[in-house]
Amino acid sequence: MDSQGYFGRFGGRFIPEVLVATFEELDRAFDELKRDPAFWQEYVDLMSTYSCRPTPITYAENLTRHLGGARIYIKREDLNHTGAHKANNVMGQGLLVRRMGKSRVIAETGAGQHGVATATMAAKFGLECTIYMGEVDVERQRPNVFWMERLGATVVPVDTGTRILKDAINEAFRDWVANMDTTHYVFGTACGPHPFPALVSYFQSIIGVEAREQMLKSTGRLPDRVYACVGGGSNAMGIFQGFMQDDVELVGVEAGGHGVETGEHAVRLAASDASLGVAQGYKTFFLQDEDGQMRETHSVAAGLDYVGVSPILSSFKESGRVRFESATDAEVVEALALTVRKEGVIPALESAHAFAGAFREASQMSNDEIILINQSGRGDKDIFTIADAFDDPKWRDFIRRKAAQYDA
C-alpha cells in the first residue's frame, strides 16, 4: 500500500471535503495505534477474554473420507463471540474509538453479523450505536435485528435503491457527514476509503496469524490451499494474510447466485462481469452498467451480495496471488447440508460458499494434500433462509402456527 491508500491501481480515498479532517484524524489514530508496541497485546488480551480467541482448527475427518482426496481442516471463526469473524474488527475499532474519545458509533450491515458485533461492542464500551440495514436484509435476517435492538442499538431500515448492503453503506456515510465530531463509522469490511481497507484487514489478520501456527502444530506443515468466501473481503483478507509469504494457494469464492450467465449474482473477480470504477469512496471492481450505474446483485447469503470488493483483493486478482471462483446458491445449500450431516458443524450461508468451492476441488487432490477452509460464521442466523431453501414442511407448519397466534 502506498501513502495514498492505493494497492496497485485500486483503493484510494474519494470523499467530500467535509470528511477530509475526520479521515485525517482516523489516519493519525490508526498510525499511532500500529506503532504502539503495547496495543496488539491489549487487543489480543481483549479477544482472548471477551471472545473465543484463539478459535480452533477442526479436522473434518468425515468430510475428508466422504469426498476423498485432500484432508480438510476448518478454521472455526463461527466460535467467536456473536458468531462470526466480525467481532475481530469491531472490538479492535472499539479500542480505537476509545482512544479517539468518540461517544457514538454507526455501522452498515448486510447479513447482520457485523451489526450484532458492533452493537455488542457498543454495549461493552458504553457507546451510542446506530445500525443501517437494507429493508431486504432486515426481513431475511430478522433474528439478528432482534439482537441488535436488545443490545441497545437503533436499527434503521434503508428503503432506497435496491435496499441491500450498498444502500446501507450510503446511508451510514450520510449520517457520518452530519455527526462526525462525536461519531466513528465502524466500517465492516475491507472496502471503502483509505484507511478502512487496511484498518479492517489489520484487525482481521489475527485469523491468519493463528491459523498458520495452528496448522504447523496440528499437521507439521502448511496447507496446500486456503479457501474463504468473498463479499467485501474481510474474512478472506483475515485468513489470507497468514499465508501471503508462503507457497500456499489462496482461493476466494464469490456468490454465483443463480449463475453468472443469468446476471443474478455478485461475482466481481471470478468472471468478467465487473469493471473498474469509483464508488462509495474508493476505486475497485464494481458490478456496473455502461453508464457507471450500479447493477442489482443477488445471493442466497445476505453478506455476499455487495456490488464492489476489497481493493486489496482486486490487486491480488491482478497479480495472480489469489485465485477467485464462484459458487451458485444451489451449490452452497448442498455444501451446507453436507457439512451439517457429516460433521455436525453449521456454517453460515456466506461461509458455505468457501465450503462449496473447496468440496468441488478436494476430490481432485491427493490424500497427502491439505485444504483449510475459513468458516467465517455460524448458520443459526440463516435459519429462515436455510429452512426455505430446504423446503422443510415442518418449518413451514411452525411458521404458519406462530403467525396464526399473532393474528389471533
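Just so it is clear, none of the values below were taken in a lab; they were calculated from the coordinates. Model, not experiment: these values are computed from the prediction. Reconstructed Cβ throughout: ideal geometry from the backbone, glycine too, with neighbour counts over all protein chains shown.
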Inset, instruction - Please sort through the DSSP H helices of the chain and keep those with an alpha-carbon extent of at least 27 Å along the long axis and a Kyte-Doolittle average not below 0.0. - result: 196-219
Legend entry - Dipole magnitude (debye, nearest 20) for region 158-266, charges at Cβ of Lys, Arg, Asp, Glu: 240
Legend entry - Cut-off under 5 Å, modelled amide H: who pairs with residue 288 long-range: 275, 295
Inset, instruction - Give the distance, in whole Å, between the Cα centre of region 346-396 and the Cα centre of region 45-67. - result: 15
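Would the chain count as rounded, prolate or oblate if I go by the C-alpha gyration tensor, calling it rounded below 1.5 in a/c and otherwise prolate when a/b exceeds b/c, oblate otherwise?
Numbers: a/c = 1.33, a/b = 1.14, b/c = 1.17.
It comes out rounded by the Cα gyration axes.
Most exposed first by the Cβ proxy, i.e. fewest other Cβ within 10 Å, how do 381, 86, 402, 34 rank?
Working: 381 27, 86 33, 402 10, 34 13.
By the 10 Å Cβ count, ascending, the order reads 402, 34, 381, 86.
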Inset, instruction - With θ set to phi - 60°, apply the Karplus curve 6.51 cos²θ - 1.76 cosθ + 1.60 along region 300-306 and write out the HN-Hα couplings as whole Hz, x wherever there is a Gly or Pro. - result: 5, 9, 4, x, 10, 8, 7
Inset, instruction - Tell me which residues come under 5 Å, amide H to amide H, from residue 6 once H is placed; ignore anything under 5 positions away on its chain. - result: 12
Inset, instruction - Fewest Cβ neighbours within 10 Å first, please rank 52, 129 accordingly. - result: 52, 129
Legend entry - Residues whose placed amide H lies under 5 Å from that of residue 105, excluding near-sequence neighbours: 128, 129, 130, 184
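Provide 407, 289 in ascending order of the number of other Cβ atoms located within 10 Å of each residue's Cβ, fewest first. Please report the intermediate quantities before stating the final value.
Numbers: 407 6, 289 9.
With the sparsest Cβ surroundings first, the list reads 407, 289.
Using 0.36 nm per residue of separation minus the Cα-Cα distance, give me the extension gain between residue 406 and residue 394 in nm, one decimal.
Result: 2.4 nm gained on full extension.
Does region 63-162 come out rounded, prolate or oblate by the C-alpha gyration tensor, with a ≥ b ≥ c the root eigenvalues, rounded set by a/c under 1.5 and, if not, prolate when a/b is larger than b/c and oblate if not?
Numbers: a/c = 2.77, a/b = 1.52, b/c = 1.82.
Taking the square roots of the gyration eigenvalues as a ≥ b ≥ c, region 63-162 is oblate.
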